[in-house]
Amino acid sequence: MPIRQLSETMINQIAAGEVIERPASVVKELVENALDAGASKVEIVTAGGGLSLIRVTDDGSGIAEPELALAIARHCTSKLSDDIHDIRSLGFRGEALPSIGSVARLSIRSRTASGDSAAEIGIEGGRVLPVKPAAANRGTTVEVRDLFFATPARLKFMKGERAESSATSDVVKRIAIAFPGVRFTLAGSDRSTLELPATGNTPDGRLARVAQVMGKDFPDNAIPIDAMRDGVHLAGHVSIPSYTRANALQQYAYVNGRPVRDKLIAGAIRGAFADVLPRDRHAVTVLFLSLDPATVDVNVHPAKADVRFRDPGLVRGLIVGAIREALAGAGIRAATSGAAGMMAAFRPGAAPYAHPGPTAGHRSYDAAFRASGFAGFDRSPQRPLDMGEARPARNGFGEDGQAAFDTGPLASADARASVAEPAEALLGTALGAARAQVHENYIVAQTRDSLVIVDQHAAHERLVYEALKNALHSRAVPSQMLLLPEIVDLPEEDAERLAMHSETLAKFGLGLERFGPGAVAVRETPSMLGETNVQQLVRDLADEIADNDTVETLKERLDRIAATMACHGSVRSGRLLKAEEMNALLRQMEATPGSGTCNHGRPTYIELKLADIERLFGRR
Ligand code: ADP
Ligand code: MG
């Protein structure tokens, strides 16, 4: 076959292959157009999962009649001036409408503020229909029927109506979070109606929109984030460690108002929560990054959900730092939210083990209840380890964390289960004065207005862990020489990346250098890792650096080692504590960021307000 130019329709269908993957992608493009047009109301209607009908109506600026033909022509946009690096709108490629028009039956009816009537244009499988007058209010209605009728191969890949409907809801929710000043409705015979009234472009309004989308219990279980570094601003909310999900779907991220799915951001969130969440749980997050449009490239993929940051290390560092700091300040919240569930469980008539229903109210009860650690949260088994052997202090770490608790032999003879009059000053502290130790693991303490119960094992584990980590990060990590250097063969780019980061890696105790093309020689490994699979470690690190331009993997690995050691070195339940020991533990918890949860994300203590206790006894 001779070389020839493809037809306009073929070109558009090829583009559609990338931009229009499924009905939800059509909805995304049309809603983005409505928002770019300054709409304050966006109404979406679908039928047949969006395959038979998608209609998006907005009250935005509209399209003037003479421009209707341009709107559906390829590479025509009103949004990009001369600078591809200065993108401030959601759209800019000028290819959504022609792409949709090449694979479906599309019609646009529109009226501008100054136009005295509306006009309509259509395009069906790439065939343009003439412009004709129409009746409409100001704004635009875009209707898409019979999606993929012109590309039957694509139609075969569609999942069921239900799956497509719910993908569309996700798209609408995701984008709605970034536009709380806009009212969204999503309706149709194929779905239950989603109504999101405008909540306003204020901080409160933004949080209210988040609550509309994620459930009313999210704000009660979330911590605000607000941080700035080198011109990059991060705002939003993250869940407290006791409020988690089994997958990362409830992590919403926005870059300059654009919803994105970004590996770097996801990785940063994982890193920030690594210390406080079990490995198979995920935080719920809504994060908005704002930065100079010139420092982020959104023109990575036609669907515009991928971004590249000019300074990925800065963005990652900002996210990890801001979340960790917020979590450190919120340890108390993690614990008190659990008490609410417990109070509910105590209340006469409560059925704590009944499966909670799907309503929002029940969900919050459920979350709080689980947070309290009462609903069969699986505790990791207490390993019967010899404490002397596993004690981290012997390895040169964590002396600080350990010191306060090494105040006597286990179960010293004069340990008392109950303590006399508390000092007045102690009652004013956050965790109060220790009064008793019960069931050999729970410290009961008293503040001026509450009763505090501490899980001593969990609390101590956390304290030792924090001390270990400090030691890790404040000085060079000891390393051990390998008898023979281990040669790791890698793709040349990976070898190069590792060599570039060799100085940082050395700080973590990993000594490596280039070993000819496509290989590195490892001479030293961190002693804490013991006998480790060097090949695997080095490859993981290379991947990590390629993805994020950081050496977080090694740091996280070491943090995990620290966590394991801490677990072995902690005061196990069953050890009787003296009053001074109990109070020392409480004071140290108050002084340690993150001590509200143990390394596995469970609360280390719960607080019952006196007022609530009195209510339980019918005294109020
Ligand atoms: P892009 O959004 O990348 O510019 P599109 O193909 O999505 O490309 O849209 C082409 C043009 O049509 C837009 O630049 C805009 O001028 C116009 N347009 C599309 N939808 C609307 C709308 N709902 N309201 C006003 N103008 C619109
Ligand atoms: Mg567009």
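Read-outs throughout are calculated quantities, based only on the coordinates presented, and are distinct from any laboratory measurement. Computed from a predicted model, the values in this text were never measured in an experiment. Every residue, glycine as well, gets a Cβ built from its backbone with ideal geometry; the counts of neighbours run over all protein chains shown.
Per-structure values
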read-out: Computed magnitude of the charge dipole of region 215-329 (debye, nearest 20; Cβ of K, R +1, Cβ of D, E -1); value: 320
read-out: Hull volume in cubic angstrom per residue (convex hull over the Cα atoms of region 134-228); value: 185
read-out: Lys/Arg +1, Asp/Glu -1 at C-beta; region 8-195 dipole; positive extreme among Ser166, Val182, Gly122; value: Ser166
read-out: Given charges at beta-carbon only (K, R positive; D, E negative), |dipole| of region 8-195 in Debye; value: 480
read-out: Cross-link partners of Lys156 among aspartates and glutamates (Cα-Cα below 20 Å; sequence separation of 8 or more within a chain); value: Glu18, Glu21, Glu124, Asp146, Glu164, Asp190
read-out: Residue-count net charge about Val210 - beta-carbon cut-off 11 Å; Lys, Arg +1, Asp, Glu -1; value: +3
read-out: Relative packing of 58-70, 78-90, 447-459, 512-524, which averages over residues the other C-beta atoms within 10 Å, highest first; value: 447-459, 58-70, 512-524, 78-90
read-out: Test item: Cα-centred dipole of region 140-228, Lys/Arg +1 and Asp/Glu -1 on Cβ, debye; value: 260
read-out: Loop-resident sites, region 151-253, for chymotrypsin sites (Phe, Trp or Tyr not before Pro), counting at most 15 other Cβ within 10 Å (DSSP); value: Phe157
read-out: Packing-based order for 257-268, 295-306, 35-46, using average beta carbon neighbours within 10 Å, highest first; value: 35-46, 257-268, 295-306
read-out: Principal axis dimensions, region 76-166 - Cα atoms, whole angstrom, descending; value: 43, 39, 27
read-out: Stretchable slack from Arg514 to Asn470, in nm (0.36 nm times residue separation minus alpha-carbon distance); value: 12.8 nm
read-out: Overall Cα dimensions of region 8-195 - principal axes, largest extent first, Å; value: 42, 39, 38
read-out: Average projection area in nm² (convex hull over Cα atoms of region 215-329, one quarter of hull surface); value: 7.0
read-out: Relative contact order of region 215-329, pairs being alpha-carbon contacts under 8 Å that are 6 or more residues apart, as %; value: 32
read-out: Straight-distance crosslink candidates among lysines, where the alpha carbon sits under 26 Å from Lys41 and sequence neighbours closer than 8 are dropped; value: Lys28, Lys79, Lys132, Lys173, Lys216, Lys304
read-out: Burial order of peptide ranges 99-105, 114-120, 319-325 (average beta-carbon count within 10 Å, highest first); value: 99-105, 319-325, 114-120
